[in-house]
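Quick notes on the structure that follows.
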Amino acid sequence: MKGPQVGVGVFIKKDGKILVGKRKGSHGAATWALPGGHLEPGESFEACCKREVLEETGLIIKNISPVVFTNDVFHDEGLHYITLFFKGGYESGEAIVAEPRHCEEWRWVSLDHIPQPIFLPLRNALEEIERRHLVL
């Protein structure tokens with residue numbers, strides 16, 4: 001098994017909805033996930049969130065703060081991730097598929113209407129948010 005690696009996911013809120021994308025070309029293909037990616041060596045959490053969101057969606061975010069972290073084991077792929085989840089406010093831009101080899105589409109959805117199937121780390125984060133009665 002490879003890992004653990006550090007992943008980052010960002011809940012971006014706009015008009016009471018969050019942004020989710022349909023993954024492709026990697027582990028979790030065809031599942032719905034938040035914008036995010038890998039924490040780079042020496043990178044701050046805030047810089048990682050801003051960079052990944054901009055690279056993947058073209059959006060600029062602000063007011064980044066931590067939400068939860070998850071321990072995600074992908075047995076079939078032999079991968080292990082620690083995923084750090086943050087929330088960030090929408091600042092500007094229109095959501096575009098900026099990395100089409102990694103994402104099929106982006107959708108703004110309400111938190112209780114995320115399309116299925118949900119990417120393992122996001123599913124684990126949502127369960128932890130509910131268990132701890134956190135507000136996004």
Quiz item: Only one of (1) in contact with an Asp or Glu (Cβ under 9 Å, 6 or more places away or on another chain); (2) farther than 19 Å from E128 by Cβ fails for I64. Which number is that?
Solution: (2)
Quiz item: Of R123, R131, which residue is loosely packed, with under 12 Cβ neighbours inside 10 Å and modelled with pLDDT of 95 or more?
Solution: R131
Practice problem: Could you check G89 against (1) among the small types (G, A, S); (2) surrounded by 12 or more Cβ atoms within 10 Å (Cβ to Cβ); (3) touching a residue at least 40 places away in the same chain (Cβ under 8 Å); (4) under 25 Å from G3 (Cβ atoms) and say which number it fails? | Solution: (4)
Quiz prompt | For W106: the one exception among (1) out of contact with any Lys or Arg (no Cβ under 8 Å at 6 or more places or on another chain); (2) under 27 Å from K2 (Cβ atoms); (3) part of a strand (DSSP E or B) | solution = (2)
Practice problem: Identify all residues within segment 59-81 that are under 20 Å from G21 (Cα atoms) and either surrounded by 16 or more Cβ atoms within 10 Å (Cβ to Cβ) or within 12 Å of the chain's Cα centre (by Cα) (or both); write none if there are none. | Solution: L59, I61, I64, V67, V68, F69, T70, D72, F74, Y81
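Based on this model, can you work out whether G21 counts as surrounded by 17 or more Cβ atoms within 10 Å (Cβ to Cβ) and either touching an Asp or Glu at 6+ places or on another chain (Cβ under 7 Å) or over 16 Å from G89 (Cβ atoms) (or both)? Explain how you work it out, then say what you get.
On the way: surrounded by 17 or more Cβ atoms within 10 Å (Cβ to Cβ): yes; either touching an Asp or Glu at 6+ places or on another chain (Cβ under 7 Å) or over 16 Å from G89 (Cβ atoms) (or both): yes.
In short, yes.
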Quiz item: Of the residues in segment 51-103, how many are among the hydrophobic types (A, V, I, L, M, F, W, C) and assigned to a strand (DSSP E or B)?
Solution: 14
Exercise. Residue by residue through segment 13-34, note down the ones that are out of contact with any Phe, Trp or Tyr (no Cβ under 7 Å at 6 or more places or on another chain) and either touching a residue at least 40 places away in the same chain (Cβ under 8 Å) or more than 16 Å from P115 (Cα to Cα) (or both).
Key: D15, G16, K24, G25, S26, A30
Quiz prompt | Selection count where residues are surrounded by 19 or more Cβ atoms within 10 Å (Cβ to Cβ) and of a type in the set (V, I, T), scope segment 92-117 | solution = 1
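The values are calculated or read from the model by the stated rules, or taken from the named source; none is laboratory data. Treat the numbers as computed from the prediction; the structure is a model and nothing was measured. Don't worry about glycine lacking a Cβ; one is built from the backbone with ideal geometry, like all the others, and counts go over all protein chains shown.
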